[in-house]
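Colleague: Handing you a structure now.
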Amino acid sequence: MTTLSDLLRALAAGDIPREVPADCEYREEAGLLVEYLAELSRFTRAMAAGELSATLLRRGSLAGSLKGLHANLRHLTWQTQQVAAGDFTQKVDFLGEFSVAFNSMVAALAQARDDLVTKNKELAVAYNDLKAAEAQLLQQEKMASVGQLAAGIAHEINNPMGFIMSNLGTLANYASALQEYVKDADLLAAKYGETEKKRLAELRSMLDVDFIFEDTPTLINESTAGAKRVRDIVQTLKSFSHVDEAEVQQININDCVRSTVETAAATLRAKANVITEFGELPLLNCRPHELSQLFLNMLVNAAQAIDTKGEIRIKTGVADGAIVVSITDTGCGIPPGIIGRIFEPFFTTRDVGKGTGLGLSMCYDIAKKHGGTIDVQSKVGIGSTFTVKLPLAGV
C-alpha cells in the first residue's frame, strides 16, 4: 500500500507520477495535487526551453508567481529585441541584480553607438576636408604651372619685342635720312636738262616715291604702337604670374585689380563692358599672386553669369579698417536656395564637365588666409555683387 507520506516524498524529489496509485490514502485529493504540480512542471519546462507562448490556466500563489515570471521573461525578450533594433532607451527594473547588469549593458551599447556616430561624422568631415584640400592643392599647382608658363612665354616674347621696337626706331631714322637725301637730290636735279628732269619725274611717279614718304611715318607709328601694346600685354602677363616676386609684398590693390582686368580682357570684352571706379588705397601686405587669382576667378564668374552682353562694375575703397573691392555684374543672379552654398568646395550649378566648383571656394580660402571676408548679394534676373574685404593690417 502506497502511503500519502511516500507520495509526498516522491513529489518533493521531483518525481511526479502520471497518476496516483489506486491504494494510496486520500487518492482523490492527492490526484488533484499531482495534476497541479504536473501542469506547473510542464509550464516551467516550456519557459526554460524558451517557449514563451506557453499558457498556464491553473490558479494559486505558485501558479501566480510562475505567470508573473513568464510575463517578465516575455517583456524582457521584447526589450532585448528593441535594443537589437537600436532602441537604447529600454530599462529593466523587475529582475533585481540582473536588471542592473542589463541596464548597464544597454547604456554601454548606447554610448558605443553615440561614439561610433560621432567618429563617423568626424571621419566624414575629415575626408571632405582632405578631398577639398587635395583638389585645391592640385588647382594651385596647376595655376603655379600656368604662371610659370606665362612668365616663360612673356620672357620669350619680350626679347624679340625689344629688338623689334629698336629696329622700328632705327627704321624711322633711316626713312628720315632718305627723305633728306631725296630733298637734296631734287635741288641738284633742278640743274639738269629737261630730258633728265622728265626722266626723274617719270621714275619718281612710277616708284610712287611721294606716297612712300607720306605713308612711311604712319606705318612706323602704327607698328610702334602695336609693338608697345604687345610689350604692355607681356608686362601685364609677367606681372600677373608674379613668379619672380617674394610671396608677401606691399602692393596697391588697384594695380592688382587693373592687371587682372587686363589679363582677362579678352574673356570680359566678349560678355560685358567693364567699368572701374578706383579709390585712393594705402599699400597692403599681401600675396599678390593669390589675390590676382581671387579677382580673376570672380571676374570670370561674373562674365559667365551674363548671357549675352552686360556690365561688370569694379569699385575699390577703404571702409571700417579694410580695403573693400566690390564686383557687380548684371548677370542671371543666384537663387536664394543655393546662395549659402556657393563657397562650398565642388558645388557648381554648371553642367557636368563645365566647372569644378572650386573657383569661389578658392576665392573664399584666399580671402580667409588674408584675414578677410567675401560677402554676396544677389537678385535673380538682376545680378550679383561680391564684396571682398581685406584688413589693412595685411598678412
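The values are calculated or read from the model by the stated rules, or taken from the named source; none is laboratory data. What you are looking at is a predicted structure, and each value in this text was computed from that prediction instead of being measured. As a convention, Cβ positions derive from the backbone with ideal geometry for all residues, glycine included, and neighbour counts pool all protein chains shown. Heads up: the accessible areas ignore ligands, DNA and RNA and are worked out on the full protein's heavy atoms, side chains in. Shrake-Rupley method; radii C 1.70, N 1.55, O 1.52, S 1.80 Å.
Colleague: Could you say which residue among Ala63, Ala85, Ala46, Ala38 is modelled with pLDDT of 70 or more, touching a helix residue (DSSP H, G or I) at 6+ places or on another chain (Cβ under 8 Å) and of a type outside the set (S, T, N, Q)?
Modeller: Working: Ala85 fails: touching a helix residue (DSSP H, G or I) at 6+ places or on another chain (Cβ under 8 Å); Ala46 fails: touching a helix residue (DSSP H, G or I) at 6+ places or on another chain (Cβ under 8 Å); Ala38 fails: touching a helix residue (DSSP H, G or I) at 6+ places or on another chain (Cβ under 8 Å).
Going through Ala63, Ala85, Ala46, Ala38 in turn, the sole match is Ala63.
Colleague: For the range 364-392, give me each residue that is touching a residue at least 60 places away in the same chain (Cβ under 8 Å) and either more than 16 Å from the chain's Cα centre (by Cα) or open to solvent by 80 Å² or more (accessible area, probe 1.4 Å) (or both).
Modeller: Initially, the range 364-392 is screened for residues touching a residue at least 60 places away in the same chain (Cβ under 8 Å), giving 365-367, 369-370, 383-384, 386-392.
Residues satisfying the conditions are Lys369, His370, Gly383, Ser384, Phe386, Thr387, Val388, Lys389, Leu390, Pro391, Leu392.
Colleague: Could you please find all residues in the range 231-262 being in a helix (DSSP H, G or I), crowded, with 16+ Cβ neighbours inside 10 Å and modelled with pLDDT under 80?
Modeller: In the first step, residues of the range 231-262 are kept if they are in a helix (DSSP H, G or I); the result is 231-241, 253-262.
Checking which are crowded, with 16+ Cβ neighbours inside 10 Å leaves us with 231, 233-234, 236-241, 253-254, 256-262.
Within the range 231-262, Arg231, Ile233, Val234, Thr236, Leu237, Lys238, Ser239, Phe240, Ser241 meet the criteria.
Colleague: Can you tell me how many residues in the range 300-332 are part of a strand (DSSP E or B) and under 28 Å from Gly371 (Cβ atoms)?
Modeller: Step one: list which residues in the range 300-332 are part of a strand (DSSP E or B), which gives 310-319, 322-329.
Going one step further and asking which of them are under 28 Å from Gly371 (Cβ atoms), we end up with 312-319, 322-329.
Of the residues in the range 300-332, 16 are part of a strand (DSSP E or B) and under 28 Å from Gly371 (Cβ atoms).
Colleague: What pairs come up if the first residue lies in the range 269-281 and is of a type in the set (S, T, N, Q), the second is open to solvent by less than 70 Å² (accessible area, probe 1.4 Å), and their beta carbons are under 9 Å apart, counting only those six or more places apart or on different chains?
Modeller: So the pair list comes out as Asn273/Gly310; Asn273/Glu311; Asn273/Ile312; Thr276/Asn254; Thr276/Val257; Thr276/Val261; Thr276/Ile314; Thr276/Thr316.
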